[in-house]
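The values are calculated or read from the model by the stated rules, or taken from the named source; none is laboratory data. As the structure is a prediction and not an experimental result, all values here were calculated from the model. Ideal geometry is used to build each Cβ from the backbone, glycine not excepted, and the neighbour counts take in all protein chains shown. Heavy atoms of the whole protein, side chains included, go into the accessibility calculation; ligands, DNA and RNA do not. Shrake-Rupley method; radii C 1.70, N 1.55, O 1.52, S 1.80 Å.
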Amino acid sequence: MSQPPDRLQSLLNPHITRLEEYTPIQPFEVLSRRLGLPASQIVKLDANENPYGPIPEVAEALAEYAHYHIYPDPQQEELREALGRFLQVPPAHILPGHGADELLDLLCRLFLGPGDGIVNCPPTFGMYRFDARLQGAAVVDVPRRPDHSVDVPGIQALLQEEDPERPRLKLLFLTSPNNPSGTWLPDADLRSLLALPVMVVLDEAYVEFAEHPSRAPWVLEHPNLVVLRTFSKAAGIAGLRLGYGIFPEWLLPHLWKFKQPYNVNVAATVAGLASLRHVEKIQAVVAKLKAERERLFQALQAIPHLRPVPSQANFILCRVEGRDAAALKQTLEQRGILVRYYRKPGLENCIRISVGRPEQTDRLLEALHALA
Ligand SMILES: *Cc1c(COP(=O)(O)O)cnc(C)c1O
């Protein structure tokens, strides 16, 4: 007789069994079928993807590459050199990953176990919580203020208090520009937080869209700072999965021991190298999206029930007033327009709209005016 599933389930790692279930997003093809609309007619403004996709040189490089049958370079020498030149940081500080998401997971696995904890500043990106919980670590929330700024004194008070009962707080996750608010963490705040006895992980997934420079070079002066970046948003290759981290020199040898040797595939590597050879073309796409963000922001401000938050990223968070945000999201969806809806603490009755092409903005605005 075969073994009963609950007996086998009891073999599972207990902190995994206790995890809350993960809700994956609906694949584009499934949505297109459900809405009865061809994919080309769907205005997808729900996942902060780059509507222009990669620059043409990426497709050319992928088509020309002749060595897909060979395993990738586990050290990613060529890509790290190119990233080093781009960032003005020595390659010895740089590690590419299968998306920035993989690097978040690696950091959590490197530092956390049961009895440990992270400091999280919600509302923010969900993966910090997810990856910490995967390690059986606790998540201590220091919520952002109503204007979405980080509560620096709250974090200082938490990390300076001596409490042998509570989990050992090892990692502080910060996001600038923050997702979903699009707000910037000022230099002075980051500097104060770096003085605390904790590893600071600064997620810069959207920094290319900001009016401020990246803090990647700060890693050279702060042994407790990691900066994560990605090709998913500005470079438009979210589907290929390529991110990178800038790490203090003492930390990287541990990650080398630890990561899967072939974590970054050759297609992502070829696409990343082609992108770095034509950075000015990506900057032109980013400039177009930033101009469109300003137009979208002005237009959203003119819609009576929306309160858009000024953004440094390629999306705009809106509080919906005097009507139900879930219903608004549904109605837009029936018209083939996808936006992200939230109902979490600090994000009550909110939607987040990614910046698209001008014609996508037009369709969104037309629908919002018709519903106003
Ligand atoms: C999209 C996003 C990422 C994920 O980047 P990948 O390189 O695609 O894994 C990381 N952090 C934030 C805040 C994001 O919004």
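Can you tell me which aspartates and glutamates have their Cα less than 12 Å from the Cα of Lys281? Leave out same-chain residues fewer than eight positions away. Cα-Cα hits under 12 Å: Glu57. Annotation note: GluC sites (Glu not before Pro) in segment 180-233 located in DSSP loop regions with a Cβ neighbour count of at most 14 within 10 Å are Glu211, Glu221. For the options Leu35, Leu289, Leu220, a Gaussian network treatment of the chain with springs between C-alpha atoms closer than 10 Å singles out Leu35 as fluctuating the most. Put a plus charge on the Cβ of each Lys and Arg, a minus charge on the Cβ of each Asp and Glu, and nothing anywhere else: the dipole of segment 84-220 about its Cα centre is then about 200 debye.
Excluding ligands, DNA and RNA, the accessible surface per residue across the chain is 47 Å² with a 1.4 Å probe. Hydrodynamic estimate: the Kirkwood radius of the chain over Cα pairs, inserted into Stokes-Einstein at 10 °C and 1.306 mPa s, corresponds to D of 72 µm²/s.
Loop sites by DSSP among the trypsin sites (Lys or Arg not before Pro) of the chain, restricted to those with at most 15 other Cβ atoms within 10 angstrom, leave 19-322 as the longest stretch without any of them.
Note on Lys44: lysines with a C-alpha under 17 Å away, same-chain residues under 8 apart excluded, are Lys233, Lys329.
The value of relative contact order for segment 56-278, using C-alpha pairs under 8 Å at least six residues apart, is 29 percent.
Amide H to amide H, with H built 1.01 Å from N, Leu169 comes under 5 Å of Gly117, counting only residues 5 or more places away or on other chains. Bridges between two residues of the chain, per DSSP, are antiparallel at a rate of about 50%.
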